[in-house]
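**Student:** I have a structure here, written as structure tokens, and I will follow up with some questions on it.
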Amino acid sequence: MKKRNYVPVVLLLLLSIQNIQAQDLKPSEAALITGQQQRHHLMPVPMSLNFRPGKLAVNDSFTVALKSFKDARLQAGIERAVKRLENRTGFALARGWTNDPATATLVIECLGPGQSVPSVEEDESYTLEVSEKQAMLRAPTVVGALRGLETFLQLLDGDRGGYFLPLAQIQDKPRFPWRGLLIDVCRHWQPMEVVKRNIDGMAAVKLNVLHLHLTENQGFRIESRRYPKLHQMGSDGLYYTQEQMRELIAYARDRGIRIIPEFDIPGHTTAWFVGHPELASAPGPYQIERTYGVFDPSIDPTREEVYKFLDRFLGEMAALFPDAYMHIGGDEVTGKHWRLNPQIQAFMQKKGLQDNHALQAYFNQRVSQILQKYGKKMVGWDEILHPDLPKNIVIQSWRGQKSLAEGAKQGYTGILSSGYYLDHLYPAAMVYAVDPVRADSGLTPEEEARILGGEACMWAEYVSPENIDSRIWPRMAAIAERFWSPRSVTDVDDMYRRLAVVSVHLEELGLMHELYADKMLRRMAGSQEVQPLKTLAGVLEPLKVLGRANVHPITQMTPLTRLVDVAGPDSRAARRFSLMVEALLSDAPRFSVYREEIENLLSEWHRVHPTIYAMADRSPVMREAEPLALELSQMSAAALEALGYLSAGVAPHDGWRAEKLALIEAVSKTKSELEFPILPTVRRLVIAASEIPQLKSMSPAEWNSHVTTLASDNDKK
Ligand code: ACM
């Protein structure tokens, strides 16, 4: 378990510091300052941020004035922002904008439209100055103004006097120009509204690239007019028409977001072959793949007809997608079907291609020429890295920072995705800690500049339109901060504090990351009364890194409606429990800080067991919750006993510790698709209780550190 530094609340309150440059701070200082500094909820934290005492009131006479440049995109962006402001405050605000910058509450001075097709070179900078009289947002481009509007909305606060903005001076621009989210719409289809609400969420946290993974073994999701059998036979009828895609591209552009399409070739191509088996390296027929994993079907890179096909198809897509970049995938080619095909083997021999990697490099080079012809730069996964490819390609690293740095040293631009796999379900703290360019990367400034940023990946084996938002948000906001904010912004507790507020703001945009759970639990229970089930789901997390597949393999056709599909990746209850227990143990030998709250929480957990058994009588799908509810009750009982011993300052009897640790051990070994993130904290309480006698011979701080060591030794076992 990760150790946290406990900063006493009093210290936070005593400190009073003004004028903070976030990038100047060490993490611990940043925590102290953001802890008391207006307790702002800006995410990402701006490059430079100065607060001063005072407020700009936001009331029902709020108006916006546009100075200098205006266009339809900016005006629509302002209207959306005003609508959100109205919904938050309950005020009916003036429609449109005043022509009088002198009296307006928010004045926007934008110098120009920005690029007609958003690009990696877009100027996204802005400044925002909030005085008692008005807020002044200045930006060289519309995209910069849109970014600033999001900051404006995040600054809104309230107190007894009403709504207000704290007086502030902000200068902001992104650390990286490529800040993305990949959504795999193939393994599970995601309809238009899901993509749109996620684009809105992206804009709210200043992300600027939506990477749509459009073709896969399990589905071909874009209409091709030149080769209609691709989508007609490879998609179960679930694909975006070209008209819909144009709508999405315009929707994203309106929000300063690029859409980059991925056509994953030469592997991951089974769905192409359902309609076009002639492209494949092995004879068909082929069917849409319903299971998950890495598969052998791959495009035959040796036949000229294949390149004619790709030329026509990619040419069609190049005309549809305006972005300068096109992603060709290139990952996980097994090469098996190449080895088994004598004609391919003869081709390799004739061309002197030593191995499958050389054959794939030959293929990539041909594809790269096609893309060049259509004015597109190529993006691909690590595997495409090869000295023969032009240097303007982008390597998207899913294998790690090392291979990203390796590419940068060889002169390639790159983006990082390793560490940002949302489907691996690591908590926000872990994804937040991953930096595209670590301070110790060993890269020269020139090489470092080749790392354009990163993309988080929402691979879709285990997400439906119903729960996908909960796997993306709010963690994506923490990653967005990593991509935008100065490297020095790393305080995890403060990130979680702000994330909780940003998560509520994200719901304004229609995102379902909070709402989905109640609905799914009601369906599961067949009842309005789901509180015990919600409590149980709230202290569970699905196994990390697709571990669930080893327990209960599923296919594309399996409904994603069970407890494992509800439980989120970053249990708030577990985190709260852990922080409270840490504070309690730091309060040795009194053990009174948070004691009552911890007791209440444990009692609530303890009670779920009988109720869930009763509910499951009528709902067979709930029965898998029964053993988990029992385990939760047992662990809570152990923790309550530990709390009792600590409160009384009395050590438990011989054998108690071994018995409770055995229980915890048994829970950790239970075969389940879900795990209890509260488990290390329960163990810590049990060990603390049984170490009470040591308090006589140690200072409280020594004792606490001794308990932490014992508990983490136990974690490792
Ligand atoms: C990948 O995860 N195969 C890009």
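The values are calculated or read from the model by the stated rules, or taken from the named source; none is laboratory data. Every value quoted in this text rests on a predicted model; they were computed, and no experiment measured them. Positions of Cβ are backbone-derived with ideal geometry, glycine not excepted, and every protein chain shown enters the neighbour counts. The protein model used for the area step is the full one, side chains on, heavy atoms only, and it has no ligands, DNA or RNA in it. Shrake-Rupley method; radii C 1.70, N 1.55, O 1.52, S 1.80 Å.
**Student:** What residue among MET557, ILE678, SER116 has its Cα farthest toward the positive end of the dipole of the chain, where the charges are +1 on Lys, Arg and -1 on Asp, Glu, each on the Cβ?
**Tutor:** SER116
**Student:** Another one. For the stretch 537-622, just say rounded, prolate or oblate: build the C-alpha gyration tensor, square-root its eigenvalues into a ≥ b ≥ c, call rounded for a/c under 1.5, and beyond that prolate if a/b exceeds b/c, oblate if not.
**Tutor:** Verdict is oblate for the stretch 537-622.
**Student:** Something else about it: Which of rounded, prolate, oblate describes the chain, given a ≥ b ≥ c as roots of the alpha-carbon gyration tensor eigenvalues and a/c under 1.5 marking rounded, otherwise prolate only if a/b is larger than b/c?
**Tutor:** Note, shape of the chain comes out oblate.
**Student:** Let me ask another. Run the accessible area of the chain with a 1.4 Å probe and give the carbon-and-sulfur part as a rounded percent.
**Tutor:** 54
**Student:** Taking only the Cα atoms of the stretch 491-552, how large is their convex hull per residue, in Å³?
**Tutor:** Values: hull volume 8.7 nm³, N = 62.
Residue-normalised Cα hull volume stands at 141 Å³.
**Student:** While we're on this one: Sorted by mean Cβ packing within 10 Å, highest first, what order do the peptides 278-284, 254-260 take?
**Tutor:** Top to bottom by mean Cβ count within 10 Å: 254-260, 278-284.
**Student:** If R0 is 25 Å, what FRET efficiency do you get for MET192 and ASP331 from their C-beta distance, rounded to 0.05? Let's see the in-between values first.
**Tutor:** Working: r = 27 Å, r/R0 = 1.07.
My answer for the efficiency is 0.40.
**Student:** Calculate I(q)/I(0) for the stretch 149-190 by the Debye formula, one identical point scatterer on each C-alpha and no solvent, and give its log10 at q = 0.17 Å⁻¹ to two decimals.
**Tutor:** For the requested q values the scattering log ratios are -0.71.
**Student:** Under a crude label model (7 Å from the Cα following the beta-carbon direction), how far is SER131 from LEU640 in nanometres?
**Tutor:** Placing both labels 7 Å beyond Cα along the Cβ direction yields 6.1 nm.
**Student:** Continuing with this model, one more query. For a quick check of understanding: with a 1.4 angstrom probe and all protein chains in place, what accessible area in square angstrom does THR558 have, to the nearest ten?
**Tutor:** Probe radius 1.4 Å; accessible area of THR558 about 40 Å².
**Student:** Just how far, in whole angstrom, is the stretch 173-213 from the stretch 305-369 if you go by their alpha carbon centroids?
**Tutor:** Going from one Cα centre to the other spans 27 Å.
**Student:** Further question: Give me the accessible area of LYS173, 1.4 Å probe, in Å² rounded to the nearest 10.
**Tutor:** 110
**Student:** A further question on this structure: For the stretch 143-226, report the accessible area per residue in Å² (1.4 Å probe, heavy atoms, rounded to an integer).
**Tutor:** Each residue of the stretch 143-226 exposes 22 Å² on average to a 1.4 Å probe.
**Student:** Moving on. How large is the accessible surface per residue of the stretch 249-312, computed with a 1.4 Å probe and reported in Å² as a whole number?
**Tutor:** 32
**Student:** Mind checking the dipole of the chain: about its Cα centre, +1 per Lys or Arg Cβ, -1 per Asp or Glu Cβ, Debye to the nearest 20?
**Tutor:** Here the size comes out at about 420 debye.
**Student:** Still on this structure: Distance from the Cα centre of the stretch 451-508 to that of the stretch 77-112, in angstrom?
**Tutor:** Each part's Cα centre sits 27 Å from the other's.
**Student:** Could you work out the equivalent-ellipsoid semi-axes for the stretch 382-464, taking the square root of 5 times each eigenvalue of the Cα gyration tensor, largest first, in whole Å? If you can, show how the numbers build up before the last one.
**Tutor:** Working: eigenvalues 116, 51, 14 Å².
The answer is 24, 16, 8 Å, longest axis first.
**Student:** Here is the link list: LYS206/LYS229; LYS308/LYS377; LYS55/LYS196. Which ones come out longer than 28 Å on Cα distance?
**Tutor:** Check vs 28 Å cut-off fails for LYS206/LYS229; LYS55/LYS196.
**Student:** Mind grabbing the accessible area of ASP493 for me, 1.4 Å probe, Å², rounded to tens?
**Tutor:** 60
**Student:** Same structure, new question: What is the packing order of peptides 97-109, 565-577, taking the mean over residues of other C-beta atoms within 10 Å and listing the highest first?
**Tutor:** 565-577, 97-109
**Student:** Let me ask another. Using a ≥ b ≥ c from the Cα gyration tensor of the stretch 429-501 (square roots of the eigenvalues), is it rounded, prolate or oblate, where a/c under 1.5 gives rounded and otherwise the larger of a/b and b/c decides, a/b for prolate?
**Tutor:** oblate
**Student:** What ranking of LYS696, LYS671, LYS409 comes out by heavy-atom accessible area, probe 1.4 Å, highest first?
**Tutor:** LYS696, LYS671, LYS409
**Student:** Could you give the nm distance between label points at ASP71 and ARG497, where each point is 7 Å from its Cα heading toward the beta carbon?
**Tutor:** It works out to 4.0 nm between the two label points.
**Student:** Per DSSP H run of at least 4 residues, take -39500 (n - 2.57); add these up for the chain, divide by its residues and hand me the 222 nm value, nearest 500 deg cm²/dmol. Don't skip to the answer; put the middle values down first.
**Tutor:** Numbers: 28 runs with 315 residues, N = 717.
That comes out to -13500 deg cm²/dmol.
**Student:** Taking all protein chains together and a probe of 1.4 Å, list GLU675, GLU447 from the most accessible to the least accessible.
**Tutor:** GLU675, GLU447
**Student:** Tell me the label-point distance for the pair ASN50, ARG623, using the 7 Å Cα-to-Cβ offset, in nm and rounded to one decimal.
**Tutor:** Result: 6.8 nm between the two label points.
**Student:** Next question, about the same structure. Arrange the residues GLU446, GLU508 by how much accessible surface each exposes, largest first, with a 1.4 angstrom probe. Write down the numbers at each step before the final one.
**Tutor:** Values: GLU446 130, GLU508 65 Å².
Greatest to least solvent exposure: GLU446, GLU508.
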